[in-house]
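A short worksheet on the structure shown next.
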């Protein structure tokens, strides 16, 4: 259901995978966004802004619930981009 809801946005997720948060990734970033506690334990450098969306895990949910989570994430991303002064592109 998750891939269906994402493909409705015109996004191909056939080769997508979760990327681990490594010390190297954290050293090279200004902002890290996590989506709940499933990412494991890691130390975030003081200079890195951390946003945790805390959205529910839509895996196994009905399509309507997956769409609700998708729209929640979309709204949160837009809010974050706005706070960073980044214009949305499509």
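Just so you know, all these numbers are worked out from the coordinates, no wet-lab data involved. Since we're looking at a predicted model, the values are computed, not measured. Neighbour counts run over all protein chains shown; Cβ positions are idealised from the backbone, glycine included.
No solvent, one uniform scatterer per C-alpha: report log10 I(q)/I(0) for the chain via the Debye equation at q = 0.13 1/Å, two decimals.
Summing over Cα pairs of the chain leads to -0.53.
In deg cm²/dmol and to the nearest 500, what is the mean residue ellipticity at 222 nm of the chain if only DSSP H runs of at least 4 residues count, each as -39500 (n - 2.57), divided by the residue total?
Computed mean residue ellipticity for the chain: -10500 deg cm²/dmol.
Cut-off 10 angstrom, C-alpha nodes, Gaussian network model of the chain. Which of 69, 25, 77 fluctuates the most?
Residue with maximal mean-square fluctuation among 69, 25, 77: 25.
Which peptide among 2-12, 79-89 comes first, and what is the full order, when sorted by highest mean count of other Cβ atoms within 10 Å?
2-12, 79-89
Given a Förster radius of 30 Å and the C-beta distance between residue 89 and residue 59 as r, what FRET efficiency does 1/(1 + (r/R0)^6) yield to the nearest 0.05?
Working: r = 29 Å, r/R0 = 0.95.
For residue 89 and residue 59, the calculated efficiency is 0.55.
Given the options 47, 68, 78, state which has the largest fluctuation in a GNM of the chain using a 10 Å cut-off (strictly under) for Cα springs.
47
Relative contact order of the chain: what whole-number percent is it, with Cα pairs under 8 angstrom and at least 6 residues apart?
Values: 74 pairs, mean separation 25.0, N = 90.
The value is 28 percent.
For the chain, modelled as a Gaussian network with Cα springs under 10 Å, which listed residue fluctuates most, 24, 71, 51?
Maximum fluctuation in the GNM of the chain, among the listed residues, is at 24.
Taking 0.36 nm per residue of sequence separation and subtracting the Cα-Cα distance, how much length would be gained by fully extending the chain between residue 78 and residue 51, in nm to one decimal? Could the numbers behind the result be given before it?
Values: separation 27, 0.36 × 27 = 9.72 nm, distance 1.31 nm.
That works out to 8.4 nm of additional length.
Taking a point 7 angstrom from the Cα of residue 27 along the C-beta vector, which residues in region 39-60 have backbone N less than 18 Å away?
42-49
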